[in-house]
Each structure stands twice: as C-alpha cells, then as structure tokens.
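What follows is a set of notes on a single structure, which appears directly below.
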C-alpha cells in the first residue's frame, strides 16, 4: 500500500473522527445544557436548528470513517482476516467496532425516536396541550443517550490508542 495513500486515509479518518466525536462532545457537554439554562423551553428551536446542521455532517463522517477504516485495516500487518481475533490489535479493533456500532444505534434512536418526540411535545406545549412530565422524561432520555454516546466515543478512542501502540 502506498504510504501517500495511507497518509491521506489517516488524515481524512482523523478529521472525520474529530468532527463526529468532537461535535458530539461539544453539543452534549456545552451547547445543550447552556441552551436549556439560557432559553428554557425556547431552546427547542435552537437545538432543532443545530441538529439539522450537525446530523448530515455527522452521518457523512460515519461514511468516511467506514470507508477509510476498511482501507486502513486491510493494509495493517496485524489484520489476519474478517473476524480473526488472533492478537491484541484485533481484540482492540473488535471492541472499537462494537463501540462504534453502539454509537450508531444510539444516534439512530435519538435521531428517529427521541428528537421527533421532543419536537412533538414542544409543539403541543406551545398550544397548551403538552405534558410537562413527558417532555421532562424525553429530555432525560435524550441526555442519557447522548452521554452514553460520549462514553462509547471514549471507548473508541481508547481502543484506537491501544491498537496503535501494539
């Protein structure tokens, strides 16, 4: 494998990782809590707009990560074949991929389940028909899923560091 192609692949992979995981961390730890404190129920519009901008970018990053990751893995001397868990590197890669799949599943639950339900609850609240307890439950669920995604992101990064070191 050409060192130049591998270097470009690593660069693009790292850039996609920074955008995806960095964006998740900034939104989860900083933007969402600050928006809710500052804007209260009015934060739903801001958060919707941020999600509308970030979701396509994060989905593109996932596609890039998959493509560049397959390219890099196939050229790695530690790679012994699909589902061949024969060395510490392959164990780290397996854990990394399980954590990544978990992140994708939780993101899909958020993207297609919790967020639309929160937006519906917000619209009902604007019309005086909302259930404050349901909205609070959905916000707690959103927060929990976002923090689980952050924890899984840390696992992904730790496994990457370990696989790089062995």
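The values are calculated or read from the model by the stated rules, or taken from the named source; none is laboratory data. Note that the coordinates shown come from a computational prediction; the quantities given were computed from them, not determined experimentally. As a convention, Cβ positions derive from the backbone with ideal geometry for all residues, glycine included, and neighbour counts pool all protein chains shown.
Can we say residue 15 is part of a helix (DSSP H, G or I), touching a residue at least 60 places away in the same chain (Cβ under 8 Å) and surrounded by 12 or more Cβ atoms within 10 Å (Cβ to Cβ)?
Details: part of a helix (DSSP H, G or I): yes; touching a residue at least 60 places away in the same chain (Cβ under 8 Å): no; surrounded by 12 or more Cβ atoms within 10 Å (Cβ to Cβ): yes.
When the stated conditions are applied, residue 15 does not pass them.
Quick check on my filter: what residues within segment 138-156 are farther than 12 Å from residue 44 by Cβ and either surrounded by 15 or more Cβ atoms within 10 Å (Cβ to Cβ) or in contact with a helix residue (DSSP H, G or I) (Cβ under 7 Å, 6 or more places away or on another chain) (or both)?
The first filter runs over segment 138-156 and keeps only residues farther than 12 Å from residue 44 by Cβ, leaving 140-141, 143-156.
Listed by number, the residues that qualify are 141, 143, 145, 146, 147, 148, 149, 150, 152, 153, 155, 156.
Filter segment 18-42 for residues that are surrounded by fewer than 16 Cβ atoms within 10 Å (Cβ to Cβ) and farther than 19 Å from residue 157 by Cβ and give the result.
If the condition is that a residue be surrounded by fewer than 16 Cβ atoms within 10 Å (Cβ to Cβ) and farther than 19 Å from residue 157 by Cβ, then 33, 34, 37, 38, 39, 40, 41, 42 are the ones that fit.
Return yes or no: is residue 101 under 24 Å from the mean Cα position of the chain (by Cα) and either under 21 Å from residue 36 (Cα atoms) or surrounded by 16 or more Cβ atoms within 10 Å (Cβ to Cβ) (or both)?
Details: under 24 Å from the mean Cα position of the chain (by Cα): yes; either under 21 Å from residue 36 (Cα atoms) or surrounded by 16 or more Cβ atoms within 10 Å (Cβ to Cβ) (or both): no.
No; evaluated as a whole, the condition is false for this residue.
Keeping to segment 106-128, report how many residues are exposed (fewer than 13 other Cβ atoms within 10 Å of the Cβ) and at pLDDT 85 or above. Explain how you work it out, then say what you get.
Taking segment 106-128 and keeping what is exposed (fewer than 13 other Cβ atoms within 10 Å of the Cβ), we get 108, 112, 116, 123, 126-128.
Still in the list and also at pLDDT 85 or above: 108, 112, 116.
Residues that pass the stated criteria total 3.
Given the residues 58, 4, which is the only one that is assigned to a helix (DSSP H, G or I) and more than 23 Å from residue 154 (Cα to Cα)? Talk me through it step by step, then tell me what you get.
Values: 58 fails: more than 23 Å from residue 154 (Cα to Cα).
Sole residue among the options that is assigned to a helix (DSSP H, G or I) and more than 23 Å from residue 154 (Cα to Cα): 4.
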